[in-house]
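The values are calculated or read from the model by the stated rules, or taken from the named source; none is laboratory data. Nothing here was measured: the structure is a model prediction, and the numbers come from that model. Reconstructed Cβ throughout: ideal geometry from the backbone, glycine too, with neighbour counts over all protein chains shown. Heads up: the accessible areas ignore ligands, DNA and RNA and are worked out on the full protein's heavy atoms, side chains in. Shrake-Rupley method; radii C 1.70, N 1.55, O 1.52, S 1.80 Å.
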Amino acid sequence: MTDKQMKYKVYTLKNYATIPQVQAALSPAEIDAIRVVGNVLPFKVNNYVVEELIDWRNLPNDPIYQLTFPQKEMLSPAHFQEMEQALKNDYSKSELKLVANKIRYELNPHPAGQKDNMPFLDDNKLSGIQHKYKETVLFFPSNSQTCHAYCTFCFRWPQFVGIDNLKFAAKETNVLVEYLQAHPEVTDVLFTGGDPLVMSAKKLQEYIDPLLEADLPNLQSIRIGTKALSYWPYRFINDKDTEDLFRVFEKIVDSGINLAFMAHFNHSNELKTGAVKIAIKKILNTGAVIRTQSPIMNHINNNADEWAKMWKLQVRLGCIPYYMFVARDTGAQGYFAVTLENAWKVYRKAYNQVSGLARTVRGPSMSANPGKVQMLGISEIGNEKLMVLRFIQARDPEWVGKPFFAKYNSDAIWLTELEPIEGKEQFFYEQKMEVEEEIAIEALLN
Ligand SMILES: *Cc1c(COP(=O)(O)O)cnc(C)c1O
Ligand code: SF4
């Protein structure tokens, strides 16, 4: 293991063409394509990703290259041409933005009703808090609206490209504390963003301290959703406030609250470096646990042996595999999409190869409007082939864990493309959803 010093250097559209590896490995047309797509989807990478994660001899198929560098095919040919032409015409910055936003709005920037989940407290809409599943509240600190690099598949992309009014962000923890006091059923707070571990230790402490000081009897776990272990493990080694960051983690653990890292790892290559191994060890030493999750995506990890390898490495390093997600229906989904049938086959074939310590992982799971729906498999009743699903999480806790069926559809990539089996008009949860939507609309009108 090496613990070499590395100073964070960021690359964006402004300076990516100066990266030596880019100049050596890419053709001028490929370099231009990055500019075209990067004007629509978020693009940001850093020296650790470029120097230690991407294997530049393996282009264009290298998974981490696909994960961080925009590819021409991530936009439809029509959208690509539109932006290419705008750049050729030397449009002004604001004109480019208009073209970009027009395309962005055609890419379903707000999938799965995310904006519907903002709760009310004393009739004020709490942007910055999302409460969808009974036990867990998502908290979006205003200081965590960015990441150490951006994933090309990210469903949070509207936050990074600055499409106004699609942001969730909260400035203060006080509202969160009040909300938790008013909602004793909530046991978990999940800090998310962007990446909350981009912010300084001092800022993070300002969010965490009021939560601890409030001494909430219901608060059981603080979770931090982060990709810092993949994109900038030096955050936990030798950033200038690394030690202060660990004090914040230790304080959480010492106050009797479970600290869970929800770490995004999309490929085993992110677990190979000396830096990530040291970082994981140091985090575990604070008493935190690390759980891991990733979507399954074409061009990145659509391969059972790769998933098995990744889960095994995670267990070896002391991490707990948690979720395999289906890529969301937003942004460059066409490029990354894996059918539900294939996702299930990959999951099953990978699951078959690992011991029980890695079988904590659940999936493939869609974070859809009614809840997190797991594709359990394909079965047959009589002569009818059908898909078996269940809720892992649901808007209504009553729905959780009941298997339900859909007509077999080998092309489907998302819940909304599935249909109930013969003789049923709706899925069992749909009627209830409609009633809830009416109530929500009435609440808005009043
Ligand atoms: C995934 C998710 C959670 C957390 O669910 P767990 O199954 O408890 O990990 C909470 N809120 C929302 C909106 C989510 O999508
Ligand atoms: S780390 Fe998470 S929030 Fe950040 S770009 Fe990747 S998927 Fe999006």
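Quick notes on this one:
- Förster radius 35 Å - calculated FRET efficiency between Glu172 and Thr12, Cβ distance, rounded to 0.05: 0.70
- Ranked packing of 93-102, 245-254, most packed first, by mean Cβ within 10 Å: 245-254, 93-102
- Relative packing of peptides 29-42, 421-434 - highest average C-beta neighbours within 10 Å first: 29-42, 421-434
- Of interest is the spacing of the C-alpha centroids, which for the range 362-411 and the range 298-340 amounts to 19 Å.
- In summary, the lysines within cross-link reach of Lys345, defined as a Cα separation below 23 angstrom excluding same-chain residues under 8 places away, comprise Lys309, Lys312, Lys372, Lys385, Lys402, Lys407.
- Simple spin-label estimate for Asn285 and Val388 in nanometres, 7 Å along Cα-Cβ: 4.6
- Antiparallel bridges, percent of DSSP beta bridges restricted to the range 112-361 (to nearest 5): 20
- Distant-in-sequence amide contacts of Lys9, defined by a placed amide H-H separation under 5 Å and a gap of 5 or more residues or a different chain, comprise Asn47, Tyr48.
- Relative contact order for the chain, counting Cα pairs under 8 Å that sit 6 or more residues apart, in percent: 12
- Computed from backbone phi with θ = phi - 60° and the Karplus coefficients 6.51, -1.76 and 1.60, the 3J(HN,Hα) list for the range 288-295 is 7, 10, 10, 10, 10, 8, 6, x Hz; x is used for glycine and proline.
- Computed with a 1.4 Å probe over protein heavy atoms only, the accessible surface of the chain comes to 45 Å² per residue.
- Dividing the summed -39500 (n - 2.57) terms of all DSSP H runs of n ≥ 4 by the residue count of the chain sets its mean residue ellipticity at 222 nm at -10000 deg cm²/dmol.
- Rolling a 1.4 angstrom probe over the chain with all protein chains present gives an accessible area of which 49% lies on carbon and sulfur atoms.
- Summarising the amide proton neighbourhood of Gln393: residues at separation of 5 or more, or on other chains, whose placed amide H is nearer than 5 Å comprise Lys372.
- With K and R counted +1 and D and E -1, the other residues having a Cβ less than 12 Å from that of Asn108 yield a net charge of 0.
- Positive contributions from Lys and Arg (+1) and negative ones from Asp and Glu (-1), summed over other residues with Cβ under 13 Å from the Cβ of Asp411, come out at -2.
- When Rg and the Kirkwood Rh are both derived from Cα coordinates, the Rg/Rh ratio for the chain amounts to 0.95.
- Backbone phi angles across the range 41-49, fed through the Karplus curve with coefficients 6.51, -1.76 and 1.60 (θ = phi - 60°), yield HN-Hα couplings of 9, x, 9, 6, 9, 9, 5, 5, 4 Hz in residue order; Gly and Pro are listed as x.
- Note on the range 1-57: along the principal axes its Cα atoms extend 38, 23, 15 Å, ordered by decreasing extent.
- Alpha-carbon centroid distance for the pair the range 222-268 / the range 1-47, whole angstrom: 26
- Average Cα contact separation per residue, the range 112-361, under 8 Å, 6 or more apart, as relative contact order %: 15
- Charge dipole magnitude, Cβ of K and R +1, D and E -1 - the chain, Cα centre, debye nearest 20: 1600
- For the cross-link pairs Lys227/Lys281; Lys93/Lys227; Lys44/Lys134; Lys44/Lys203; Lys132/Lys277, the ones whose C-alpha atoms lie over 26 Å apart are Lys93/Lys227; Lys44/Lys134; Lys132/Lys277.
- Its residues counted as N, the range 112-361 yields a C-alpha radius of gyration over 2.2 N^0.38 Å of 1.00.
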